[in-house]
Amino acid sequence: MAKTKRALKLEKAIAWARENNLPELQGSEKQIAWAEQIRYEGYLGFIQFHPEHGANYIEILCYDLPENRSAKKYIEDHQEAIKNARMNIWAMVHGYRG
């Protein structure tokens, strides 16, 4: 059976995390799968604009801190970033200046 696009993306994210010796995430299986993708896609987005600092990004993720191990924290931060982006877009569209 062929793997789904989502499964292939997850495999790529997990392989990237292992190759870069990132801390293993903790949480439920679903949380870990989602957070692995968030962590990887965050890196890809970062190096798109700052390719010269890719190693620094990985170094920060490698710090063995509780927040670098919590799948839930990655998910919550990701959701907060989306919420903030939507608020900023709304403000720009409506000409709000704070």
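Descriptive notes on the structure:
- The condition (being aliphatic (A, V, I, L, M) and in contact with a strand residue (DSSP E or B) (Cβ under 8 Å, 6 or more places away or on another chain)) is satisfied by just one residue among Leu44, Leu25, Leu61: Leu25.
- Scanning the range 24-42 for residues that are in contact with a Phe, Trp or Tyr (Cβ under 8 Å, 6 or more places away or on another chain) and over 19 Å from Glu80 (Cα atoms) yields one hit, Leu25.
- Scanning the range 17-37 for residues that are farther than 15 Å from Ile60 by Cβ and either part of a helix (DSSP H, G or I) or among the hydroxyl-bearing types (Ser, Thr, Tyr) (or both) turns up Arg18, Glu19, Ser28, Glu29, Lys30, Gln31, Ile32, Ala33, Trp34, Ala35, Glu36, Gln37.
- A search for C-beta distances below 8 Å between a residue of the range 71-98 that is closer than 27 Å to Glu36 by Cβ and any residue that is polar (S, T, N, Q) and assigned to a helix (DSSP H, G or I), counting only pairs 6+ apart in sequence or on different chains, returns Ala71/Gln31; Lys72/Gln31; Ile75/Gln31.
- Residue match in the range 1-15 (condition: surrounded by 11 or more Cβ atoms within 10 Å (Cβ to Cβ) and modelled with pLDDT under 90): no
- Restricting the range 55-95 to residues that are among the aliphatic types (A, V, I, L, M), closer than 24 Å to Gln26 by Cα and surrounded by fewer than 16 Cβ atoms within 10 Å (Cβ to Cβ), the residue that is modelled with the lowest pLDDT: Leu65
- Residue match in the range 26-47 (condition: modelled with pLDDT under 90 and more than 11 Å from the chain's Cα centre (by Cα)): yes
- Options Ala13, Ala91, Ala55, Ala81; residue that is touching a Phe, Trp or Tyr at 6+ places or on another chain (Cβ under 6 Å), in a helix (DSSP H, G or I) and on the phi < 0 side of the Ramachandran plot: Ala13
The values are calculated or read from the model by the stated rules, or taken from the named source; none is laboratory data. Computed from a predicted structure; not experimentally measured. Cβ: placed from backbone, ideal geometry, glycine included. Neighbour counts: every protein chain shown.
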